[in-house]
1. Enumerate the pairs (first residue in the range A:216-229 and modelled with pLDDT under 95; second residue anywhere and within 6 Å of DNA strand C (Cβ to nearest atom)) with beta-carbon separation below 9 Å, excluding pairs fewer than 6 apart on the same chain, so at least 6 apart or on different chains.
2. Do we have any residue at all in the range B:177-190 that's of a type outside the set (Lys, Arg), at positive phi and more than 12 Å from DNA strand C (Cβ to nearest atom)?
3. Across the range B:72-111, which residue is farthest from B:Ser152 (Cα to Cα) among those that are more than 14 Å from chain A (Cβ to nearest Cβ) and in contact with a helix residue (DSSP H, G or I) (Cβ under 9 Å, 6 or more places away or on another chain)?
4. If you take the residues of the range A:185-195 that are away from DNA strand D (no atom under 12 Å from the Cβ) and not hydrophobic (A, V, I, L, M, F, W, C), which of them is surrounded by the most Cβ atoms within 10 Å (Cβ to Cβ)?
5. Here is a list of conditions, (1) in contact with a helix residue (DSSP H, G or I) (Cβ under 8 Å, 6 or more places away or on another chain); (2) in the same structural domain as B:Leu63 (by TED's automatic domain parsing); (3) not charged (D, E, K, R), and B:Met148 meets all of them except one; can you say which number that is?
6. Evaluate the range B:31-45: report whether one residue or more is surrounded by 21 or more Cβ atoms within 10 Å (Cβ to Cβ), at pLDDT 95 or above and not assigned by TED's automatic domain parsing to the domain that holds B:Ser191.
7. For A:Phe144, which of the numbered conditions (1) in a loop (DSSP other than H, G, I, E, B); (2) within 14 Å of another protein chain (Cβ to nearest Cβ); (3) of a type in the set (Phe, Trp, Tyr) fails to hold?
8. Which residue out of B:Ser126, B:Ser113, B:Ser152 is over 27 Å from A:Glu160 (Cα atoms) and polar (S, T, N, Q)?
There are 2 protein chains.
Amino acid sequence: MTANLNPHISVDCVIFGFDENELKALLINRDPSEDPASSGKLKLPGDLIIRGEVLIHAAERILAELTGLHDIYLKQFGIFDDPGRLDSSDDLKWLQERSGLPVERVITVAYYSLIKIDKRIPTDLSIAYNAQWYPCSSIPAMIFDHNMIAESGLDTLRREMLTEPLCFELLPEKFALNQLQRLYEAILGCSLDNRNFRKKIQRLPYIVPLNERQNGVRHKPALLHVFDNEKYISIKKDNTVFII
Amino acid sequence: MTANLNPHISVDCVIFGFDENELKALLINRDPSEDPASSGKLKLPGDLIIRGEVLIHAAERILAELTGLHDIYLKQFGIFDDPGRLDSSDDLKWLQERSGLPVERVITVAYYSLIKIDKRIPTDLSIAYNAQWYPCSSIPAMIFDHNMIAESGLDTLRREMLTEPLCFELLPEKFALNQLQRLYEAILGCSLDNRNFRKKIQRLPYIVPLNERQNGVRHKPALLHVFDNEKYISIKKDNTVFII
DNA sequence: CCAAAAGTGTTTCGTATACACCCATGT
DNA sequence: ACATGGGTGTATACGAAACACTTTTGG
């Protein structure tokens, strides 16, 4: 917990989830006594890496501690290395205490993470960390340069969504086509023609319809689909790009 | 030159140039007395960062020292952080000497760089650093994990070429359309239909024909074109992706 | 029977693809 | 005059976009 940390490098995670037709990010509040929106204590989940720890493992560790989830999509998207990025914050002190070492300069490696929000995060963990989902359209102020990191992560996600099948990481295993469409609309910030969208998707051989429908909805239940990753990979080889 | 370095973080550059219809990378040989191909002393241009130095400045510094060039396209594409990446190499000793500090673990941040090979690198610099261009299709063995870094840089370039106007960073300011085509063919490793390629390019408003032709060639001289970056940026806003 | 979302086809337009010959220059 | 790469046009096929109504369920 102390001298085992590498005080030069940290990892921060921008954790995205799709909920109620909105893209949200999971932020934590280090000071539960204060109002999260105004306290300035909100931050991205993150930590110094452990000596000898590979960055991706640090990111997985942070995710697992916070959410209890493993096997989550993680993608490194940037490094934030402004030498002054930790200045003018008493959170610097916290880092010093945590590492037990003088903290001169910390560069942070940023990952974005996509989670299926239906795998509910255990409530006790959310409470322990004061974790909460905030709509990406209105992320409150955070400490350090974390707002910049979150923005950059969102930009990257928007861009990479267009060429990689990331959307399925954000949806339940079995999803309705209209759910997929609303996800695209939420992330890209535009609206899409329903008929054309469905035609395009249904042509893709790696999106396979099940013999199963939604239930418990008070309208015509949608046919469920799954994403077949093996099929996707085998097709991708020749025509490198995922287009939806 | 010594205690001023940060012994935890380095920057390595994969420098690409397009020459004689081939994509090449600029490698350096730290031991001029040996045959570069077999000595195992080849490496990517790189260095530890200076204390307090921003990563991109370190990359710019490395490029300027090696090539004498400024204002070069640089893009960070990855971090190489395997704790064992420097093991089993006597180059580790060199790093220790250079920094004057015990080197425990160095993570390296990798940039790729695109240079117009017609801006010839001053010969004295190439000699001082033993720098040499090697075709990307047959890059010799290098120290550390530098082969992996170079491969990864090439992959990234191939991918990003498809959605960003990077090609013009590799061509002379004024270029012929067929040069552009050969560049694409070299990087993508495929051949393109000449007529269709020209049609597609000529539709793009940010590729502007000049009233000027090649000279000194012993065939019909090609009309020269330039890439208008301002125009590109203004158009890009709405339809986010560069497609060729 | 009403509310709510699922699901469905056709036409039009533009871009992608395939393909073979003449042109301008230097030597 | 010839060798070398530059430059051009058309026909076909395919995917993108625009557009409005019917269907199925739960309450």
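The values are calculated or read from the model by the stated rules, or taken from the named source; none is laboratory data. These numbers come from a predicted model, not from an experiment. Cβ atoms come from the backbone with ideal geometry, glycine included; neighbour counts cover every protein chain shown.
1. none
2. Just the residues of the range B:177-190 that are of a type outside the set (Lys, Arg), to begin with: B:177-181, B:183-190.
With the extra rule that they be at positive phi, the set shrinks to B:189.
Among the residues that remain, those that are also more than 12 Å from DNA strand C (Cβ to nearest atom) are: B:189.
Looking through the range B:177-190, at least one residue is of a type outside the set (Lys, Arg), at positive phi and more than 12 Å from DNA strand C (Cβ to nearest atom).
3. Filtering the range B:72-111 down to residues more than 14 Å from chain A (Cβ to nearest Cβ) leaves B:72-73, B:88-98, B:100.
Then keep just the ones that are in contact with a helix residue (DSSP H, G or I) (Cβ under 9 Å, 6 or more places away or on another chain); that gives B:72-73.
On the way: B:Ile72: 20, B:Tyr73: 17 Å.
So the residue we want is B:Ile72.
4. First pass over the range A:185-195, keeping only residues away from DNA strand D (no atom under 12 Å from the Cβ): A:185-189.
Filter once more, so that each one left must be not hydrophobic (A, V, I, L, M, F, W, C): A:185, A:189.
Working: A:Glu185: 14, A:Gly189: 10.
By that ranking, first place goes to A:Glu185.
5. If we test B:Met148 against (1) in contact with a helix residue (DSSP H, G or I) (Cβ under 8 Å, 6 or more places away or on another chain); (2) in the same structural domain as B:Leu63 (by TED's automatic domain parsing); (3) not charged (D, E, K, R), just (1) comes out false.
6. For the range B:31-45, residues surrounded by 21 or more Cβ atoms within 10 Å (Cβ to Cβ), at pLDDT 95 or above and not assigned by TED's automatic domain parsing to the domain that holds B:Ser191: present.
7. The one condition A:Phe144 does not meet is (2).
8. Selected residue: B:Ser126, the only one of B:Ser126, B:Ser113, B:Ser152 that is over 27 Å from A:Glu160 (Cα atoms) and polar (S, T, N, Q).
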